[in-house]
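Right, one structure below, let's go through it.
The values are calculated or read from the model by the stated rules, or taken from the named source; none is laboratory data. Given the structure is predicted, the values throughout are model-derived calculations rather than measurements. Every residue, glycine among them, receives a Cβ derived from its backbone with ideal geometry; neighbour counts consider all protein chains shown. For accessibility, only protein heavy atoms count, side chains too; no ligands or nucleic acids. Shrake-Rupley method; radii C 1.70, N 1.55, O 1.52, S 1.80 Å.
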Amino acid sequence: IRSLDSDPGNMRLALDVAREYLRRAEPLAALEILRRSAENRPSDYLPQYLLAEIYFHHLQDPARAIRYSRKAMALGPGVFAPVDLLWTALAYSGQSSKASALLADVAGNPAGKDARYWLDFAALHRRLPLDGSSTGKANRERMRDALRRVRELAGENAEILAGGGDLAVVSGWPALAVDFYSEAHQL
């Protein structure tokens with residue numbers, strides 16, 4: 001902790017100290033470390049995201065997890081982890097309409113995202129109903145659109161393309177999976 005006091009902007013050190021507190025089952029001490037990191041790095045999404053993680057997974061406080069996830073999303077718009085955590089916290093706390101609205105907002109705002117972001121977005125949809133209901137159909141369409149974006153943005157990343165193929169297979173789209181795997185194999 002003394003090292004962190006002398007270098008309060010050292011995010012790596014703050015993460016190590018916070019992780020040690022979590023290992024010792026002291027989430028409140030980890031929160032304090034990350035709060036200070038968030039103050040020292042106000043434009044960095046990571047401290048906000050980690051605060052949300054602690055509130056959700058260690059303190060079972062989805063309301064605060066939602067608040068910090070939203071901050072992390074705003075600070076790291078190209079990072080999917082805060083979106084995933086926000087969706088999970090909303091769904092867990094029974095706010096399914098807000099969780100659905102979040103996915104619709106993300107799907108409608110494709111600017112500046114990379115292939116990994118859209119692959120993770122498509123993967124999140126594997127946890128949703130993909131049946132013939134209106135909700136399931138909307139989820140399937142968003143997932144298919146995300147996979148299209150993965151193909152457009154993957155470039156020469158065979159790992160991303162193979163991941164898209166895997167998701168297409170388990171989602172029942174063999175023709176799309178073949179396209180992903182063929183591109184990955186060529187690379």
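Brief remarks follow.
Matching residues to (1) among the β-branched types (Val, Ile, Thr); (2) open to solvent by 60 Å² or more (accessible area, probe 1.4 Å); (3) at pLDDT 95 or above:
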site	(1), (2), (3)
ASN157	no, yes, yes
ILE160	yes, no, yes
GLY165	no, no, yes
PHE180	no, no, yes
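- Residues satisfying the stated conditions in the range 167-178, i.e. assigned to a helix (DSSP H, G or I) and either open to solvent by 10 Å² or more (accessible area, probe 1.4 Å) or within 16 Å of ASP114 (Cβ to Cβ) (or both): LEU167, VAL169, VAL170, PRO174, ALA175, LEU176, VAL178
- Residue among SER69, SER37 that alone is polar (S, T, N, Q) and modelled with pLDDT under 95: SER37
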